[in-house]
Structures are given as structure tokens and as C-alpha cells.
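Written out below as C-alpha cells is the structure these notes cover.
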Amino acid sequence: AQSVTQPDIHITVSEGASLELRCNYSYGATPYLFWYVQSPGQGLQLLLKYFSGDTLVQGIKGFEAEFKRSQSSFNLRKPSVHWSDAAEYFCAVGENTGGFKTIFGAGTRLFVKA
Amino acid sequence: DAGVTQSPTHLIKTRGQQVTLRCSPKSGHDTVSWYQQALGQGPQFIFQYYEEEERQRGNFPDRFSGHQFPNYSSELNVNALLLGDSALYLCASSFRGAIAAQYFGPGTRLLVL
């Protein structure tokens, strides 16, 4: 069965520092991969997605992610974190079997210190 | 252009009661999916509706049921509520159930006492 693992429950970075959030997936075929962000009391906002092609994808708010098939990973990165980036981040894989569903990881809480 | 809307925003029920949550998809979307997000966890897929039929279902008991109306809006019904049903219920819409990214609503926070 498909699954998504986010090894880090929470991460703290200083404002202006770089960020990398880890994500590993288990999926038999070429995966459809997503990163979402959720601020407190908010719904989910899509940061970026990977379906095929260039393995380095750019998203909104200065985020990027790299798909590495050999490592079954889709890590999220940002070169310089802003205080407003503090939120919960979810990696997800899309499964299309007659209907499309998204399987989410447990999330990584990002704290940004001044 | 209104995004995905959900109602109510918050709800308190007691064990054994029934609840109905509502979702209106983003304009132009015809597919609605429902997710349950327990505190501290990622969302879990409940089911997806397209053309007024349930197309895909996650690992949820039959107490969870849904409906989609001709205008593409949807309802999620939960019967015989348990304490463990307390969660944020998220609705997401897309076009033709495609693998294109879904748009999520703000959710309904359900508390079961």
C-alpha cells in the first residue's frame, strides 16, 4: 500500500536560514507528489507538485522540491526562511485507481526563531 | 471566484448523535473529496464523489456516508458519533476527479463529547 513518511515531527530554524523538510514515499509506479502547507486554523494550501519531467520543481513562496526516484524521496527546500513560514507541512502522494485520492504524511511542524 | 466553502465552521455533538457537514466546490469543479484530520495527524481520505456517485473510498466504516447534489455540492454524514470522530473535516474539490491538485476548504471542526 502507498504510504508517506515524514521523519521529522518538528523542526526549528532561525529566520534567514535554509530549510529542508524530508519526505519518503512508498509507491509502485511513478508517483504524483505534493507538498501542502497548513497554518493554524486554516485549510491546506498547495505549495508545489510533481507529476513527471524535471525532477526539481518550483513552487509558491520560494519553495522547491526535488524528486529522487532512487531514494523514494521528495524533499522540500527553501533557501531563506521567513517568520511567516512557521506552519505545518504535509507531503502527499496521489493515487489514481478509478478515483483519485491523496495519501498524506503525518506532517512536520516548522518553528522559526528570530 | 469563490474557493471551496464548508459549513459549519465548528460543531459540538454528543456521542451517539448524527452530524451532517456541507461543502461547496470551487467554481468549475465537479468532484468533491472528504478528508478527516485528527489532531496532530495528516488528513485521511474518507471518500470521493463524482457525477453524484461515490467513486473511491478510504478505510472508514459505513457510519460515514456522503452525497453529491446536481450542483456538485456535497454532504458528509456521520452516524452514531464516537469520541474518536472528533477532528477537522476537510473538503477538497477538483475537475473530473483528475490527478490535478485539489483545492481544499477551510474545514469543519467537529468536537464529540
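Structure above, values below:
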item: FRET efficiency, 1/(1 + (r/R0)^6) with R0 35 Å, evaluated for B:E51 and A:S52 via beta carbons; result: 0.80
item: Around B:P106: net Lys/Arg minus Asp/Glu count, Cβ-Cβ under 14 Å; result: +3
item: Inter-chain shielding of B:53-61 (mean C-beta neighbours from other protein chains, 10 Å cut-off); result: 2
item: Calculated on alpha-carbon atoms, Rg and Dmax of the protein assembly as shown in Å; result: 17.5, 51
item: Two-decimal log10 I(q)/I(0) for chain B, as the Debye equation yields it once each C-alpha is a single scatterer, q = 0.10, 0.21 Å⁻¹; result: -0.25, -1.12
item: Residues A:F34, A:F104, sorted so that the one with the fewest Cβ neighbours within 10 Å comes first; result: A:F104, A:F34
item: Projected label distance in nm at B:R96 and B:L111, using a 7 Å step from Cα toward the beta-carbon; result: 4.4
item: Under 18 Å between alpha carbons - lysine pairs in chain A that sit 8 or more apart or on different chains; result: 7
item: Cβ-based net charge around A:V37, under 12 Å, with every Lys or Arg adding one and every Asp or Glu removing one; result: +1
item: Charge sum, other residues only, whose C-beta stays under 10 Å from B:F47's C-beta, Lys/Arg counted +1 and Asp/Glu -1; result: +2
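Coordinate-derived values only; no laboratory data. Computed from a predicted structure; not experimentally measured. All Cβ positions, glycine included, derive from the backbone under ideal geometry; neighbour counts span all protein chains shown.
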